[in-house]
Amino acid sequence: MSPDAMTKRLHLRRIRVIAVLVDLVERFTVEVEDTRRVVRYPHCGFKTSTVHDRREVKVADVGLPQQRTLLVWRRRRFGCETCGERFLEDQPEIILGRRTHVTRRLAPQLVVDARHLSIREISRRTGLPWHYVMGVVGGWSRLVVAARRRRRCRILLIDETSLRRGHRYVTVVMNGETGEGLGVVKHRNEAALSGFLVAQGHRWLRGVKVVVTDGSKSYRAAIRQHLGGATHVADRYDVAQWLAAGLIEVRRRIQRQGPPDTRPAFDPDIFRSRYLQLSRFDRLDVARVEALGRILAREPNWKRRGGCCSTSTASTSPPTTEKPTRRSAPSSPPTKTSRYPNTNRSSTPCWHGATRSLPSTTPTRPPTAPSRAPTTSSASSVNRPSTPVAAGGPSVGFVGW
């Protein structure tokens, strides 16, 4: 193979191929040298062409995916005829290290491969030491961090993830406008996020206008301390989870507390509708909306405290075929003919684990207390949902930030 063909194949400036030493599928090694004849001594400034000796330097280069490319550079040592000193030549396409040497086009390729491969896999494919590859990637990361600190970030996204679930957690910080990652910090506490924010500088922090996190108290404390002027927004997933937890707590409280001077009773109708209560209002059909309206009409306290909180996550209400009408509410809810149609036992367990006695005949629903009477009919409660009011307990009152 001619030297001209190999020079075109390598695409390296001022590099001339002398010979091909190894040409295999898994390995490719060539011997190269610089094309200059005369060099200038950097100290005295005089030119010289006297070569004192040559030293072989092994340089790693970019190759095929399954082929390692190695350049054996015959580095010349010149002797200056004016001052009598000796010096080694330099090559612009080769990055010289202490023990490992690579071409200038291989270094950015290592950074690109680090986005998809591990450092160990890159070291195995290229034949470079693990510490050298890690040093190149780490050096590039520091340059990226310095460049990102100079750019403005108005929307900041903060969340946690696990490298090893239950053992190793990290905090991930991203730019909400561009979607690029700004950093991955060890741990998920206040000190971890505060350290990252302090390292960005006051100028960068003043440019942040909106911060989106979950309900972590540690993140809230760090944001309150370093990003007090930004708007703190909770992500949609956690808000829906809080509303669902509040609704479940209200339902359990109603099932455990009966009318005055009565024992707590377990209502199977409310328990069977637990999944219906957590569904989004805009995804319910007409039959389920009517069933939910009947449940809410029976328990006005539940409706006032959170029975309609499923509508807060819906953008639009389901279409209706007829126009809703207002009508006066009955003095008492309709009486059911059979409350426990599929049981013949003399007792049934309550929600709290106790046992309440049941008559052998079919019971009739007792009249509802005046304080628990509905104020609107089922049609009005379905088509005109009221705004939910947070309960006084800690399970629902956490919505306010």
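The values are calculated or read from the model by the stated rules, or taken from the named source; none is laboratory data. What you see is a predicted model, and the numbers here were worked out from it, not measured in a lab. Reconstructed Cβ throughout: ideal geometry from the backbone, glycine too, with neighbour counts over all protein chains shown. Protein only, heavy atoms only, side chains kept; ligands, DNA and RNA dropped before computing areas. Shrake-Rupley method; radii C 1.70, N 1.55, O 1.52, S 1.80 Å.
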query = Out of (1) out of contact with any Leu (no Cβ under 8 Å at 6 or more places or on another chain); (2) open to solvent by 40 Å² or more (accessible area, probe 1.4 Å), what's the single condition that is false for GLN200?
reply = (2)
ask   = Does ALA114 count as touching a Gly at 6+ places or on another chain (Cβ under 8 Å) and open to solvent by less than 50 Å² (accessible area, probe 1.4 Å)?
value = no
request  = Residue by residue through the range 31-44, note down the ones that are open to solvent by 30 Å² or more (accessible area, probe 1.4 Å) and part of a loop (DSSP other than H, G, I, E, B).
outcome  = THR35, ARG36, ARG37, VAL38, PRO42, HIS43, CYS44
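Can you say whether ARG142 is in a helix (DSSP H, G or I) and in contact (Cβ under 8 Å) with a residue 60 or more places away in the chain, as far as the supplied structure shows?
no
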task = Spot the failing condition for GLU93; the list is (1) in contact (Cβ under 8 Å) with a residue 60 or more places away in the chain; (2) buried (at least 17 other Cβ atoms within 10 Å of the Cβ); (3) over 15 Å from VAL62 (Cβ atoms), and only one is missed.
result = (3)
remark   = The lone condition VAL133 fails out of (1) modelled with pLDDT of 90 or more; (2) under 30 Å from ARG74 (Cα atoms); (3) part of a loop (DSSP other than H, G, I, E, B) is (3)
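Taking the range 56-93 only, how many residues are assigned to a loop (DSSP other than H, G, I, E, B) and within 16 Å of PRO42 (Cβ to Cβ)?
Quick first cut of the range 56-93, residues assigned to a loop (DSSP other than H, G, I, E, B) only: 62-67, 80-85, 89-93.
Next cut, within 16 Å of PRO42 (Cβ to Cβ) only: 80-85, 89-92.
Total satisfying the criteria: 10.
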request  = Check VAL172 against each of (1) touching a Ser or Thr at 6+ places or on another chain (Cβ under 8 Å); (2) without any contact (Cβ under 8 Å) to a residue 24 or more places away in the chain; (3) open to solvent by less than 60 Å² (accessible area, probe 1.4 Å); (4) closer than 30 Å to ARG98 by Cα and name the one condition it does not meet.
outcome  = (4)
inquiry  = It is to be established whether one or more residues within the range 52-75 are basic (Lys, Arg) and open to solvent by less than 60 Å² (accessible area, probe 1.4 Å).
reply    = yes
remark   = VAL173 meets each of (1) modelled with pLDDT under 90; (2) under 21 Å from ARG236 (Cβ atoms) with one exception, condition (1)
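Within the range 50-67, can you find the residues that are among the polar types (S, T, N, Q) and more than 17 Å from ARG36 (Cα to Cα)?
Selection gives GLN66, GLN67.
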